[in-house]
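The values are calculated or read from the model by the stated rules, or taken from the named source; none is laboratory data. Since the model is a prediction, treat every value here as computed from it, not as a measurement. Cβ: placed from backbone, ideal geometry, glycine included. Neighbour counts: every protein chain shown.
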Amino acid sequence: MRAALYRDMGEAAEVFRVEEVDRPEPGPGEVLVRVRASGVNPTDYKARSGAVPRPIDDFQIPHQDGAGVIEAVGAGVDAGRVGERVWLWLAAAGRCWGTAAEWTTVPARQAVTLPDGASFELGASLGVPAMTAHYCLLADGPVAGQTVLVAGGAGAVGHFTIELAKRAGARVVTTVSSPDKAALAEKAGADLVVNYRSPDAADQVRAFGPVDRVVEVALGANFQLDLAVTRPHGTIVTYAAEPANPELPVRVCMTANLTLEFVLIYGVPMTALDQAAADITAALTAGELTELPVHKYPLADIAAAHRAAENGAVGKVIVIP
Ligand SMILES: NC(=O)c1ccc[n+]([C@@H]2O[C@H](COP(=O)([O-])OP(=O)(O)OC[C@H]3O[C@@H](n4cnc5c(N)ncnc54)[C@H](OP(=O)(O)O)[C@@H]3O)[C@@H](O)[C@H]2O)c1
């Protein structure tokens, strides 16, 4: 099969090769999937560049997320799943068979039904972003009636956090940095969109009401705003690391009895990931998860795809194997 792969970490243009490799066979409990769309996430280019290195065993086919059709199943998997449209999560976690190839194999639970109305591109956008959004939002229980602040509402995680929060019955305020991103966040269903560069951004959020839960992409940059708008006993959940660690204003956090939480998808318990996968597919079936603008690249142009994602393309970068 044709696959994009790297054997060493480094710049995309230097380390990527598109080669013929033997197609993997589905082992016990696994499915073989013909990949139709392969989603690029920051975790993929950080692993490839070495910014957040992951061990490479001979070669690494990148990309955790993808979507396609089950073509074969391994021992112990229901043969009735052959032909099923699926979206994939954590395909490359501890495995060399990422989704940037014509075929991949994953444990059967990591190939989840993709409803007919959902495109392969949307399916390939879900794994890391929507599952992270789900856990950041719902790990402590239902958020119905709560006010949720989603930092960076036009980013991939931010987008699905808005949509899942609205589906869960929360009021949602989000921050963005430009009018085009504001339009995306409004389309996703945010009740209020605030430009975080406005001098009165905190006042605008506060006027919306005290925030119960913040889902935060840039804790250091936004800590003062978060503290200014979060109610006592509220929660700030952070899922991204900035180049410099923020200073922790202990007394302010203590006085407000705040809870700070940190989430990394690779360490979320399997039961929570299974729950997230089921909820996400239910939301897809209900038509309540939507695509961000898609930037498509053929497999041969995977280096350009990674460059686009690294340069902050607005929307999802998708590779078509
Ligand atoms: N912990 C985990 O398990 C996990 C899972 C998924 C992603 N991540 C990490 O989370 C980050 C975002 O991932 P993604 O896939 O959502 O990336 P993305 O689609 O590129 O979105 C990033 C968003 O962050 C926004 N942003 C940056 N600085 C901001 C600030 N100071 N205030 C508000 N928004 C800000 C950007 O908007 P502007 O350009 O308008 O600022 C952009 O929309 C990456 O660092 C990724 O590695 C971690």
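Among the residues of region 224-242, how many are more than 21 Å from residue 171 (Cα to Cα) and either among the aromatic types (Phe, Trp, Tyr) or in contact (Cβ under 8 Å) with a residue 12 or more places away in the chain (or both)? Even if it seems obvious, please write down each step before you answer.
Here is the first cut: in region 224-242, the ones more than 21 Å from residue 171 (Cα to Cα) are 224, 240-242.
Then keep just the ones that are either among the aromatic types (Phe, Trp, Tyr) or in contact (Cβ under 8 Å) with a residue 12 or more places away in the chain (or both); that gives 224, 240, 242.
So the count comes out to 3.
If you check 73, 106, 86, which single one turns out to be in contact with a Leu (Cβ under 8 Å, 6 or more places away or on another chain), more than 16 Å from the ligand (Cβ to nearest atom) and touching a residue at least 60 places away in the same chain (Cβ under 8 Å)? Walk me through how you get there before you give the answer.
Numbers: 73 fails: touching a residue at least 60 places away in the same chain (Cβ under 8 Å); 86 fails: touching a residue at least 60 places away in the same chain (Cβ under 8 Å).
Being in contact with a Leu (Cβ under 8 Å, 6 or more places away or on another chain), more than 16 Å from the ligand (Cβ to nearest atom) and touching a residue at least 60 places away in the same chain (Cβ under 8 Å) holds for just one of 73, 106, 86, which is 106.
What number of residues within region 243-269 satisfy the criterion of being in a helix (DSSP H, G or I), within 16 Å of the ligand (Cβ to nearest atom) and without any contact (Cβ under 8 Å) to a residue 24 or more places away in the chain?
Kept after step one, since they are in a helix (DSSP H, G or I), are these residues of region 243-269: 250-255, 265-267.
Adding the requirement that they be within 16 Å of the ligand (Cβ to nearest atom) leaves 265-267.
When the remaining residues are screened for being without any contact (Cβ under 8 Å) to a residue 24 or more places away in the chain, the result is 267.
Final tally of qualifying residues: 1.
Being at pLDDT below 95 and not acidic (Asp, Glu) is true for just one of 234, 209. Which residue is that?
Numbers: 234 fails: at pLDDT below 95.
Among 234, 209, only 209 is at pLDDT below 95 and not acidic (Asp, Glu).
Within region 150-193, track down each residue that is near the ligand (Cβ under 10 Å from one of its atoms), in contact with a Phe, Trp or Tyr (Cβ under 9 Å, 6 or more places away or on another chain) and either more than 19 Å from residue 212 (Cβ to Cβ) or among the aliphatic types (A, V, I, L, M) (or both). Working first, answer last.
Within region 150-193, the subset near the ligand (Cβ under 10 Å from one of its atoms) is 150-161, 174-178, 180-182, 184-185.
Checking the rest, the ones that are also in contact with a Phe, Trp or Tyr (Cβ under 9 Å, 6 or more places away or on another chain) come to 151-152, 157, 175-177.
151, 157, 176, 177, listed by residue number.
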Selection count, region 139-169, where residues are without any contact (Cβ under 8 Å) to a residue 40 or more places away in the chain and surrounded by fewer than 24 Cβ atoms within 10 Å (Cβ to Cβ): 6
Test: residue 112 is within 11 Å of the ligand (Cβ to nearest atom) and buried (at least 22 other Cβ atoms within 10 Å of the Cβ): no
Filter result (surrounded by fewer than 19 Cβ atoms within 10 Å (Cβ to Cβ), in contact (Cβ under 8 Å) with a residue 60 or more places away in the chain and within 17 Å of residue 106 (Cβ to Cβ)) within region 25-59: 25, 27, 29, 34
Among (1) in contact with a helix residue (DSSP H, G or I) (Cβ under 7 Å, 6 or more places away or on another chain); (2) not in a helix (DSSP H, G or I); (3) not charged (D, E, K, R), the one test that residue 225 misses: (2)
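Which ones in region 300-321 are under 13 Å from residue 156 (Cα atoms) and either touching a His at 6+ places or on another chain (Cβ under 6 Å) or small (Gly, Ala, Ser) (or both)? First the steps, then the outcome.
Residues of region 300-321 that are under 13 Å from residue 156 (Cα atoms), as a first pass: 309, 312-318.
Selection gives 309, 312, 313, 315, 317.
For region 136-149, which residues satisfy the criterion of being more than 9 Å from the ligand (Cβ to nearest atom) and either modelled with pLDDT under 95 or touching a helix residue (DSSP H, G or I) at 6+ places or on another chain (Cβ under 9 Å) (or both)?
To start, the set of residues in region 136-149 that are more than 9 Å from the ligand (Cβ to nearest atom) comprises 137-149.
If the condition is that a residue be more than 9 Å from the ligand (Cβ to nearest atom) and either modelled with pLDDT under 95 or touching a helix residue (DSSP H, G or I) at 6+ places or on another chain (Cβ under 9 Å) (or both), then 137, 138, 139, 143, 146, 147, 148, 149 are the ones that fit.
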